[in-house]
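The values are calculated or read from the model by the stated rules, or taken from the named source; none is laboratory data. Treat the numbers as computed from the prediction; the structure is a model and nothing was measured. Cβ: placed from backbone, ideal geometry, glycine included. Neighbour counts: every protein chain shown. What goes into the accessible areas is simple: the full protein's heavy atoms, side chains included, and nothing from ligands, DNA or RNA. Shrake-Rupley method; radii C 1.70, N 1.55, O 1.52, S 1.80 Å.
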Amino acid sequence: MSSGCTRRLRWSLVFLAAFLPFGATQAADQAGEANDGGIRVRWTYSPRGEAGGSGLGELQLDLADAVSNQPLRYSKGRVFAWLQRRRGTLSDSETSCLDKAKGLFAQGIGRRADIDLNEYRLVTLNKEGSVAVINPFVGINNAKLESIIDLHASPRGWVAVPERRETWIATDQPAKLVALDMQSRKITAELALPENGAPDTVVYDASNHTLWVSLPGTQQIGRLDLRASAPTLGTLAAQGLTTLVSLASEDSADGMGGIVALHRNGDVVLHDNSPTPKRWHLDNRPVAAAYSALSRRIVVGTDEGGLVWLDPASKSAEIPERTLSLGHPISRLALFDGGRRGIFAGEGWAGLVDLASARLVATLAGGAGADDIVFSRSFAYATHAQTGRASLWSLADLRAGRGDRPLDVMTGSPAPESLSGPSLHRAVADPDGSGLLVASPADGMIFQYSEGMMAPSGSYSNYRRAALGIMVLDPSLREVEAGRYRGQIRYEEGGGYELILAGLGPRFTVCAPLALAPTAVRPLGMETVIRAAFAGEPTEKEGSETIRLRLDRTENEATLPLSGVADLSVLVFDKRRGWQHRFAGVETAPGEYEAEIVVPRPSRYEVLASSPSANLSFVEGRLGEVELGARP
């Protein structure tokens, strides 16, 4: 087979995959490949979640130099993806892919894509029992409140579940777990908790797709498997439980699975896939824990200032592997540099520890009563809501073993102690790593701090709501390895979409059809979908070539050939030179059509089909690229 035929066949198979009937897309991946300006773009969409229309999927991009095959690495926020529903209008279908991407880049807060995998939102959990979604792109000091979701209960803790685009919230009065779909901004599930459970900390184990909630009122831990089609809450006894800590890492494959439960009597219990939980006993009460990926150890801080290393792979747990005394109590801890170093704060002091060598590098002033320890690209912040202040250290100084003079930053008016909780974080890093976002409950505001600044560089209104916690809802594609990017998709309505991809530095734009399976919330019903695909290789005649294509009609998940289309138009387009021409399509068999094509020169051409009577636009009728013209 010639190389030209191989390329044409590859494109035929790629685009046939995108035109599978909707019933098949529930289990089948869809994929495509394109070359734009020397950049090879390969994309794959994989359905996720339980059968029956979960509305979940994962998009993966592989970007490489088309000549050298070397992966292309883009900075965060430089790879973009949108999904637009195909609405069958011919004017929209004739807009170029580049113009579609430009329009989405410039849209501001006006009309948006149906599914936008790019711009982040700020989400606050508020004392009066609401969740607010705020758009930070409207303009500094004038943020737009996009959504308010009323929980009808008192919130106690919350956690994001990124791969499901959900946020789960534990509430009291009444005691329940509430699931929020962050795409539609709706409550999708409510599960009752033990009435006297006093739910508190909520954590998510991404490796096992399991949600855990502490129930100190009943001395229990609740466990919920989110992979189940109808999740039910299971409980484990947990006498003297203080808090739960997830050991899974959202951003690194080096995170381990499972969670640890910390108990007042000194017990640290690891709950993972093992049939029996692993248990260690410490001499003092554990108050905080984290997993160091580099040392592959669980690091636990105690109320008396002790630091303990636990080996989760050890067959004989019970005894800690090593210990270190910091000389001051610990209330919060956080690791950085992949788990190589850690800050352990409490009562006005912060210990800087090299975890690889179990060495106390420096004892730093600051970190009094720290509620959160947050890392931006260049700084570490220890924030304290009750005083409305934060201690700030340069990461460069910390890596050099310095930092004895932290900057003191005001982060808002002091907040009462009642507005605090172990899983309610009021400070988060800016999504691009260039600063800090702090929710001030006393001020009803979110303050933004640029790197190293002692005063806010801007603020966003929380509309006088007292925020218990803040998180960033960031749906953007993330680099998981060199040149490979992944993002999660959640949707309510299945059907035909157009996937629009773009990159900046180097630039590319790619558009492709994508069929999303119907969801249980909104099935397809009587919707009719027309699809076009190549029906064979182009064949040459004297002075012309014949393109064969097939039209199918899908209705109620039944697919049949579409006959009798008298106004079929085949558009042949040379995107390198701008030449284009339309040719009439003639039916030769039920659902099969031919078009006689004449092109001005041998080249690679884009081929699209359209029919006003069948409501088939050039978007749905995009067939792919083929080599046309005289060939030796």
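Below, the figures for the structure above:
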quantity	calculated
Any strands (runs of 3 or more DSSP E) falling wholly within the range 574-632 and containing at least 2 residues that are closer than 18 Å to Leu98 by Cβ	579-584, 603-610, 622-628
Residue list for the range 605-621, filter: open to solvent by less than 30 Å² (accessible area, probe 1.4 Å) and either of a type in the set (Phe, Trp, Tyr) or out of contact with any Pro (no Cβ under 7 Å at 6 or more places or on another chain) (or both)	Tyr605, Glu606, Val607, Leu608, Ala609, Ser610, Ser611, Ala614, Leu616, Ser617, Phe618, Gly621
Close pairs (6 angstrom Cβ cut-off, 6 or more residues apart or separate chains): at positive phi in the range 442-464, open to solvent by 50 Å² or more (accessible area, probe 1.4 Å) and part of a strand (DSSP E or B) anywhere	Tyr463/Leu145
Within the range 373-394, tally of residues that are under 18 Å from Ser450 (Cβ atoms) and either open to solvent by 10 Å² or more (accessible area, probe 1.4 Å) or β-branched (Val, Ile, Thr) (or both)	10
Near pairs, Cβ below 7 angstrom, 6+ apart or cross-chain, from the range 588-601 (under 11 Å from Ser544 (Cα atoms)) to any residue that is among the small types (Gly, Ala, Ser) and surrounded by 20 or more Cβ atoms within 10 Å (Cβ to Cβ)	Ala595/Gly585
Residue list for the range 277-307, filter: surrounded by fewer than 19 Cβ atoms within 10 Å (Cβ to Cβ) and under 32 Å from the mean Cα position of the chain (by Cα)	Pro277, Ala293, Leu294, Arg296
Which listed residue, of Val480, Val510, Val472, is touching a helix residue (DSSP H, G or I) at 6+ places or on another chain (Cβ under 9 Å) and modelled with pLDDT of 90 or more	Val510
Residues (assigned to a loop (DSSP other than H, G, I, E, B) and open to solvent by less than 70 Å² (accessible area, probe 1.4 Å)) located in the range 544-571	Leu562, Ser563, Gly564, Val565, Asp567, Leu568
Criterion violated by Thr171 - all others in (1) in a strand (DSSP E or B); (2) in contact with a Leu (Cβ under 9 Å, 6 or more places away or on another chain); (3) surrounded by fewer than 16 Cβ atoms within 10 Å (Cβ to Cβ) satisfied	(3)
Breaking point among (1) open to solvent by less than 40 Å² (accessible area, probe 1.4 Å); (2) under 26 Å from the mean Cα position of the chain (by Cα), for His263	(2)
Checking Val300 against (1) within 27 Å of Val438 (Cα to Cα); (2) at pLDDT below 95, the condition it does not meet	(2)
Condition check for Gly346: crowded, with 21+ Cβ neighbours inside 10 Å and closer than 23 Å to Ser394 by Cα	yes
Residue satisfying all of: in the range 398-438; among the small types (Gly, Ala, Ser), out of contact with any strand residue (DSSP E or B) (no Cβ under 6 Å at 6 or more places or on another chain) and more than 23 Å from Ser154 (Cβ to Cβ); modelled with the highest pLDDT among these	Ala400
Count - residues of the range 232-244 that are farther than 18 Å from Gly257 by Cβ and either surrounded by 14 or more Cβ atoms within 10 Å (Cβ to Cβ) or hydroxyl-bearing (Ser, Thr, Tyr) (or both)	8
Whichever residue in the range 451-469 is modelled with pLDDT under 90 and part of a strand (DSSP E or B) and, among such residues, is surrounded by the most Cβ atoms within 10 Å (Cβ to Cβ)	Tyr460
Any hit, the range 236-252, residues being part of a loop (DSSP other than H, G, I, E, B), free of Cβ contacts under 8 Å to residues at least 12 places away in the same chain and within 15 Å of Thr210 (Cβ to Cβ)	no
Positions within the range 143-165 being aliphatic (A, V, I, L, M) and either surrounded by fewer than 17 Cβ atoms within 10 Å (Cβ to Cβ) or farther than 11 Å from Val123 by Cβ (or both), in sequence order	Ala143, Leu145, Ile148, Leu151, Ala153, Val159, Val161
Residue tally, condition at positive phi and at pLDDT 90 or above, over the range 354-397	1
Odd one out for Ala198 among (1) over 20 Å from the mean Cα position of the chain (by Cα); (2) open to solvent by less than 50 Å² (accessible area, probe 1.4 Å); (3) free of Cβ contacts under 8 Å to residues at least 60 places away in the same chain; (4) on the phi < 0 side of the Ramachandran plot	(4)
Residue in the range 202-218 that is open to solvent by 30 Å² or more (accessible area, probe 1.4 Å) and assigned to a strand (DSSP E or B) present	no
Among the residues listed as Leu326, Leu333, Leu310, the single one being crowded, with 21+ Cβ neighbours inside 10 Å, in contact (Cβ under 8 Å) with a residue 24 or more places away in the chain and under 20 Å from Ser274 (Cβ atoms)	Leu310
Condition broken by Thr559, with the remaining ones in (1) touching a Ser or Thr at 6+ places or on another chain (Cβ under 7 Å); (2) more than 21 Å from Leu117 (Cα to Cα) satisfied	(1)
Yes/no for Ile134 being touching an Asp or Glu at 6+ places or on another chain (Cβ under 8 Å), touching a residue at least 12 places away in the same chain (Cβ under 8 Å), crowded, with 17+ Cβ neighbours inside 10 Å and closer than 29 Å to Asp432 by Cα	yes
Only listed residue being out of contact with any Phe, Trp or Tyr (no Cβ under 6 Å at 6 or more places or on another chain), closer than 21 Å to Ala439 by Cα and at pLDDT 85 or above, chosen from Arg73, Arg156	Arg156
Strands (runs of 3 or more DSSP E) (entirely within the range 275-354) containing at least 3 residues that are in contact with a Leu (Cβ under 9 Å, 6 or more places away or on another chain) and more than 26 Å from His384 (Cα to Cα)	278-281
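For (1) of a type in the set (D, E, K, R); (2) modelled with pLDDT of 85 or more, each residue gets a yes or a no:
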position: Lys127; (1), (2): yes, yes
position: Ser130; (1), (2): no, yes
position: Ile140; (1), (2): no, no
position: Leu145; (1), (2): no, no
position: His152; (1), (2): no, yes
position: Pro162; (1), (2): no, yes
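Okay, residues lined up against (1) assigned to a loop (DSSP other than H, G, I, E, B); (2) among the charged types (D, E, K, R); (3) in contact with a strand residue (DSSP E or B) (Cβ under 6 Å, 6 or more places away or on another chain); (4) open to solvent by 40 Å² or more (accessible area, probe 1.4 Å):
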| site | (1), (2), (3), (4) |
| --- | --- |
| Gln448 | no, no, yes, no |
| Ser476 | yes, no, no, no |
| Gly487 | no, no, yes, no |
| Tyr497 | no, no, yes, no |
| Thr509 | no, no, yes, no |
| Thr519 | yes, no, no, no |
| Arg531 | no, yes, yes, no |
